[in-house]
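Notes follow once the structure below has been shown.
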Amino acid sequence: MPSSTPAAEPDTARPVDPEIAALPAAEKVALTGGADFWHTHGAPSLGLEPVMVSDGPHGLRSQKGEGDHLGLHDSVPATCFPPAVGLAATWSRESAAAVARAIAAEALAEGVSVVLGPGMNIKRSPLCGRNFEYFSEDPHLAGEMAVAYVRAMQEAGVGTSVKHFALNNQETDRMRVDVSVDERTLHEIYLRAFRAVVTRAQPWTVMCSYNSVRGTSVAQNRFLLSEVLREQWGFEGLVVSDWGAVTDRAASVSAGLDLQMPADAGAEQALAAAVEAGKVPAEALDRAAAAVVRLLRQGAAHRDERTGYDVEAHHRVALEAARRAIVLLGNDGILPLAEPDAAATPGEGPQLAVIGDFAATPRYQGAGSSHVNPTRLSTALDAIRGIAGEVPFARGFAPGGTEGESAGDALREEAVALAGRARTVVLFLGLGEDVESEGFDRTDMELPAAQERLLEDLLAVNDRVVVVLSNGSAIRLSPVLRSVPALLEAWLLGQAGGEATAEVLFGRVNPSGKLAETIPLRLLDVPSALHFPGERGSVTYGEGLFVGYRGLDARGTEVAFPFGHGLSFTTFAFADLALTEQDGGLRAEATITNTGRRAGREVVQAYVSVPDSRITRPPRELKGFAEVELEPRESARVAIDIPAEELQVRDVRSDSWAVVGGTYRVELGASSRDLRLSAEQQLAGDEPVVPATVDTTPQEIAARPGGEALLEEFLAGSAMFEDPDMRTMAEQIPIGRFTGIGGYEAAEIRAFLDRVNAAS
Ligand code: BGC
């Protein structure tokens, strides 16, 4: 179907409000587009003012006046919280909520009614340039973080715009790439987190993505914007376009879009003409206008005359989230660094040296439309010096190799000389904005060669090198990098990341972050690798359900660090798992004990599998998690609820969600590959029984309620069934084919099918 054809069917999901129907047509049309870059139109006949929207998601990027999209760095100062990559590594709903509440306060202070976030697309490939803005490769974790964020922000009176709906999992060709994806993968992986946030948190707005899905641009995709979002999930809010995603406003409004952003005078005129010509269903225009009016009312109801907020307190919120986000990947005992040792001993070399440009010029957020102009910025170098005194520093490299080869050599040599004198080195490595950003994908997963070289040279003179990484998505960890005595993945941590990193290094904070994305050994191990980013404007999600750890586990592929991994300076024991059925879902309870000598936080993860599954499933999937903070020797009983919705799969025969009956195994662990406890529970499920037809096989009939006995009776005496060698083959032949090969009459088969259908 040509994507510019307006959908004929009107959207009937909601009755039209008479007040909206009575608005002048020109006013309705105007409401469906922005007034400028960041403002909607108001509704003068209803006395409603325009509202302002701003990026998001990890801090406010509010531009004064009409705003200039290209001036990405020109926004009012705002607290820069950890971007989604860091926030998700906390696995803390509480942190997501605290950050969202603080951003909401800043939005209200700036007169902003909607924050354009959170970004919640699935990290299908580590190469996606915008992974820093997304939560996880796992839909459950992405959904939980988004639900917490959206609820907290909206309870504080500021709307959200969950984005980018949907299947915007790459930056290559993002404006036009067409995604092919099978039905189960679409619902179970890529729409699942959006479904969770819509059904559980009702975001004020959903932002539709730039790309196309199955041949139709999302901005004109009736299936996604109307059927799935509104009719199946009951979305009550407004669908806004990503900036510049709309090419034909009439087609978009007809399909389910409510608001085109930013302003586009030509599109407004074209829509007016299409409405005049009767090409846009009246209900569709009314639905869109009603959604904008509702948003204007929501904005007006929460408009706050106060200006300003507690900058200091918000910095502390950013700090607390950053503390929880740091993932201790490996540690042979060198960490935490002992504070007294850090002081220089007179006459000897320094106890500690800091090397790496990112220590002084931190990489703390991603590049593109989410760029925040921070209120403060801590550096790890200053924070380390705040704890350990005058620690010497060498840059070691210039990010992006901007300063030329000889300058790079000089920086490395200076760093090696320093490392040779120091007892311990903390080395800051990572990716610069030149390789990861909105708007383009990475071409590999490598750390820049100059940094690998620096690490090798430092290790040649000092084997006590602790590495801290700053990057927005997984990088390949070379064998040398994996061999260092301690490795911290600090992702992008926002403006307080420097303090948080220093506190973890010295053990003032016990690390507790967990990987929200697998760190594979190499790019080609990633299940999507051979299907990313597609070609000539189209991409096929050929790995299907097997995204990230789902595919890696299915193949038993070794990884550098598995999904969910993250160490602590203490240890936790898991015991006494009790698994019960609860409202068609499951409840797992276990006792977690801090068995070490420091207080710490553990994230207990629940993975579900169905050992004898009749349908294709990954070996295990995250379906619940809980965080617990424990003092040394303290124990707590931790409960994880896994509602039936989490266990549902998409039944493609009936186009609905269902829990397949069977034995469910729940494994509790400290990562997806560190599973400590396991238990099983039988669930009846609620799979719809689809009518048996001539294409149904004996095997399928036997699995239906009452089917087995009827089948045995029907096929008694059949040579094929009595012969044990042929039975397996016969069980898989559609029952209608038994006319020729089995000698049955068609009428007999029909009567048998009637009995089978009557029994279920
Ligand atoms: C981005 C969105 C962003 C919008 C407004 C687009 O280019 O994809 O995430 O909210 O610009 O800045």
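If we keep just the residues of region 358-386 that are of a type in the set (A, V, I, L, M) and in a loop (DSSP other than H, G, I, E, B), which is nearest to the chain's Cα centre (by Cα)?
Quick first cut of region 358-386, residues of a type in the set (A, V, I, L, M) only: 359-360, 367, 372, 377, 380-381, 383-384.
Subset that is in a loop (DSSP other than H, G, I, E, B): 367, 372, 377.
On the way: ALA367: 18, VAL372: 20, LEU377: 26 Å.
So the residue we want is ALA367.
Each row is one residue, and each column tells you yes or no for (1) surrounded by fewer than 13 Cβ atoms within 10 Å (Cβ to Cβ); (2) at pLDDT below 95.
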| position | (1), (2) |
| --- | --- |
| THR307 | yes, yes |
| HIS314 | no, no |
| VAL317 | no, no |
| ALA321 | no, no |
| ILE326 | no, no |
| LEU335 | no, no |
| PRO340 | yes, yes |
| GLU348 | yes, yes |
| GLN351 | no, yes |
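State all residues of region 428-447 that are over 25 Å from ASP382 (Cβ atoms), away from the ligand (no atom under 16 Å from the Cβ) and among the hydrophobic types (A, V, I, L, M, F, W, C); if no residue qualifies, say none.
Of everything in region 428-447, those that are over 25 Å from ASP382 (Cβ atoms), away from the ligand (no atom under 16 Å from the Cβ) and among the hydrophobic types (A, V, I, L, M, F, W, C) turn out to be VAL435, MET445.
Hey, any hits in region 91-105 for a residue that's away from the ligand (no atom under 16 Å from the Cβ), at pLDDT 95 or above and not in a helix (DSSP H, G or I)?
The answer is yes; a qualifying residue exists.
Which residues, taken from region 726-760, are among the polar types (S, T, N, Q), outside any helix (DSSP H, G or I) and either surrounded by 14 or more Cβ atoms within 10 Å (Cβ to Cβ) or touching a residue at least 40 places away in the same chain (Cβ under 8 Å) (or both)? Walk me through it before giving the result.
Taking region 726-760 first, the residues among the polar types (S, T, N, Q) are 728, 732, 739, 757, 760.
The next check asks that each one be outside any helix (DSSP H, G or I); those that pass are 732, 739, 760.
Passing the criteria: THR739, SER760.
Could you go through region 264-286 and let me know if any residue there is among the hydrophobic types (A, V, I, L, M, F, W, C), within 23 Å of the chain's Cα centre (by Cα), at pLDDT 95 or above and buried (at least 21 other Cβ atoms within 10 Å of the Cβ). Show your work before the answer.
Restricting attention to region 264-286, the residues satisfying the condition of being among the hydrophobic types (A, V, I, L, M, F, W, C) are 265, 267, 270-275, 277, 280, 282, 284-285.
When the remaining residues are screened for being within 23 Å of the chain's Cα centre (by Cα), the result is none.
No, because not a single residue in region 264-286 is among the hydrophobic types (A, V, I, L, M, F, W, C), within 23 Å of the chain's Cα centre (by Cα), at pLDDT 95 or above and buried (at least 21 other Cβ atoms within 10 Å of the Cβ).
Going by the structure shown, is PRO77 under 27 Å from the mean Cα position of the chain (by Cα), closer than 21 Å to VAL311 by Cβ, away from the ligand (no atom under 15 Å from the Cβ) and at pLDDT below 95?
Yes; evaluated as a whole, the condition is true for this residue.
Got at least one residue in region 179-202 being in a loop (DSSP other than H, G, I, E, B) and within 16 Å of the ligand (Cβ to nearest atom)? I'd like the intermediate steps shown before the answer.
To start, the set of residues in region 179-202 that are in a loop (DSSP other than H, G, I, E, B) comprises 181-182, 191, 202.
Then drop every residue that is not within 16 Å of the ligand (Cβ to nearest atom), which leaves none.
No, because not a single residue in region 179-202 is in a loop (DSSP other than H, G, I, E, B) and within 16 Å of the ligand (Cβ to nearest atom).
Quick check: anything in region 402-418 buried (at least 21 other Cβ atoms within 10 Å of the Cβ) and in contact (Cβ under 8 Å) with a residue 60 or more places away in the chain?
Checking region 402-418: at least one residue is buried (at least 21 other Cβ atoms within 10 Å of the Cβ) and in contact (Cβ under 8 Å) with a residue 60 or more places away in the chain.
Restrict the check to region 459-466 and report whether at least one residue is closer than 29 Å to ASP332 by Cα and modelled with pLDDT under 95. Full working, then the answer.
Going residue by residue through region 459-466, those that are closer than 29 Å to ASP332 by Cα are 459-466.
Narrowing the set further to residues that are modelled with pLDDT under 95 leaves none.
No, region 459-466 contains no residue that is closer than 29 Å to ASP332 by Cα and modelled with pLDDT under 95.
Take the residues of region 106-140 that are in a helix (DSSP H, G or I) and buried (at least 24 other Cβ atoms within 10 Å of the Cβ): which is nearest to the ligand (Cβ to nearest atom)? Before you say what the answer is, go through the steps one by one.
First pass over region 106-140, keeping only residues in a helix (DSSP H, G or I): 106-109, 131-133, 139-140.
Narrowing the set further to residues that are buried (at least 24 other Cβ atoms within 10 Å of the Cβ) leaves 106-107, 131-133, 139.
Working: GLU106: 17, ALA107: 14, ASN131: 13, PHE132: 12, GLU133: 8, PRO139: 20 Å.
Within region 106-140, the match that is nearest to the ligand (Cβ to nearest atom) is GLU133.
(1) within 27 Å of HIS187 (Cβ to Cβ); (2) within 16 Å of the ligand (Cβ to nearest atom): which one isn't true of GLU236, the others all being true?
With respect to (1) within 27 Å of HIS187 (Cβ to Cβ); (2) within 16 Å of the ligand (Cβ to nearest atom), GLU236 is out only on (2).
Could you tell me whether region 467-478 includes any residue that is under 20 Å from PRO362 (Cα atoms) and over 26 Å from the mean Cα position of the chain (by Cα)?
yes
Kindly establish whether LEU455 is assigned by TED's automatic domain parsing to the domain that holds HIS371 and outside any helix (DSSP H, G or I).
So LEU455 fails the test.
I'm trying to understand the selection: among the residues of region 593-621, which are in contact with a Gly (Cβ under 8 Å, 6 or more places away or on another chain), within 24 Å of PHE569 (Cβ to Cβ) and surrounded by fewer than 19 Cβ atoms within 10 Å (Cβ to Cβ)?
Residue satisfying the conditions is ARG598 alone.
Answer with yes or no whether VAL660 is in the same structural domain as THR616 (by TED's automatic domain parsing), buried (at least 17 other Cβ atoms within 10 Å of the Cβ) and not in a loop (DSSP other than H, G, I, E, B).
Details: in the same structural domain as THR616 (by TED's automatic domain parsing): yes; buried (at least 17 other Cβ atoms within 10 Å of the Cβ): yes; not in a loop (DSSP other than H, G, I, E, B): no.
No.
For region 161-172, state whether one or more residues are within 16 Å of the ligand (Cβ to nearest atom), surrounded by fewer than 24 Cβ atoms within 10 Å (Cβ to Cβ), in contact (Cβ under 8 Å) with a residue 40 or more places away in the chain and farther than 21 Å from TYR607 by Cα.
Going through region 161-172, the residues within 16 Å of the ligand (Cβ to nearest atom) turn out to be 161-172.
Restricting the remaining residues to those that are surrounded by fewer than 24 Cβ atoms within 10 Å (Cβ to Cβ) gives 171-172.
Now restrict to residues that are in contact (Cβ under 8 Å) with a residue 40 or more places away in the chain: 171-172.
From what's left, farther than 21 Å from TYR607 by Cα: 171-172.
The answer is yes; a qualifying residue exists.
Picking from VAL197, VAL162, VAL147, which residue would you name as being in contact with a Lys or Arg (Cβ under 6 Å, 6 or more places away or on another chain) and within 30 Å of ALA109 (Cα to Cα)?
Answer to the selection: VAL147.
When you go through ARG614, ARG601 one by one, which is the residue that is at pLDDT below 95, out of contact with any Phe, Trp or Tyr (no Cβ under 8 Å at 6 or more places or on another chain), not acidic (Asp, Glu) and not assigned by TED's automatic domain parsing to the domain that holds ALA353?
Details: ARG601 fails: at pLDDT below 95.
Result of the check over ARG614, ARG601: ARG614.
What's the number of the only condition in (1) of a type outside the set (Ser, Thr, Tyr); (2) in contact with a His (Cβ under 9 Å, 6 or more places away or on another chain); (3) surrounded by fewer than 17 Cβ atoms within 10 Å (Cβ to Cβ) that ARG297 fails to meet?
Going through the list (1) of a type outside the set (Ser, Thr, Tyr); (2) in contact with a His (Cβ under 9 Å, 6 or more places away or on another chain); (3) surrounded by fewer than 17 Cβ atoms within 10 Å (Cβ to Cβ), ARG297 breaks only (2).
Could you please find all residues in region 709-725 being farther than 20 Å from ALA758 by Cα and either buried (at least 18 other Cβ atoms within 10 Å of the Cβ) or modelled with pLDDT of 90 or more (or both)? Steps first, please.
First, the residues of region 709-725 that are farther than 20 Å from ALA758 by Cα: 716-725.
The answer is MET720, PHE721.
Working carefully through the options ASP686, ASP695, find the one that is in a loop (DSSP other than H, G, I, E, B) and more than 31 Å from the chain's Cα centre (by Cα). Don't jump to the end; show me each part of the working.
Numbers: ASP686 fails: more than 31 Å from the chain's Cα centre (by Cα).
Exactly one residue qualifies, and that residue is ASP695.
Quickly run through region 529-542 and pick out the residues that are in contact with a Gly (Cβ under 8 Å, 6 or more places away or on another chain) and in contact (Cβ under 8 Å) with a residue 24 or more places away in the chain.
Let us first name the residues in region 529-542 that are in contact with a Gly (Cβ under 8 Å, 6 or more places away or on another chain), namely 530-531, 540.
Once the filter is applied, which keeps residues that are in contact with a Gly (Cβ under 8 Å, 6 or more places away or on another chain) and in contact (Cβ under 8 Å) with a residue 24 or more places away in the chain, region 529-542 yields only THR540.
Assess whether MET175 counts as being part of a loop (DSSP other than H, G, I, E, B), closer than 28 Å to VAL539 by Cβ and not assigned by TED's automatic domain parsing to the domain that holds TYR541. Can you show your working first?
Details: part of a loop (DSSP other than H, G, I, E, B): yes; closer than 28 Å to VAL539 by Cβ: yes; not assigned by TED's automatic domain parsing to the domain that holds TYR541: yes.
Spelling it out, MET175 is indeed part of a loop (DSSP other than H, G, I, E, B), closer than 28 Å to VAL539 by Cβ and not assigned by TED's automatic domain parsing to the domain that holds TYR541.
I need a count of the residues in region 361-380 that are crowded, with 22+ Cβ neighbours inside 10 Å, away from the ligand (no atom under 16 Å from the Cβ) and not polar (S, T, N, Q).
4
What number of residues in region 682-698 are buried (at least 16 other Cβ atoms within 10 Å of the Cβ) and touching an Asp or Glu at 6+ places or on another chain (Cβ under 7 Å)?
So the count comes out to 4.
The values are calculated or read from the model by the stated rules, or taken from the named source; none is laboratory data. Values in this document were obtained by computation on a predicted structure and should not be read as measured data. All Cβ positions, glycine included, derive from the backbone under ideal geometry; neighbour counts span all protein chains shown.
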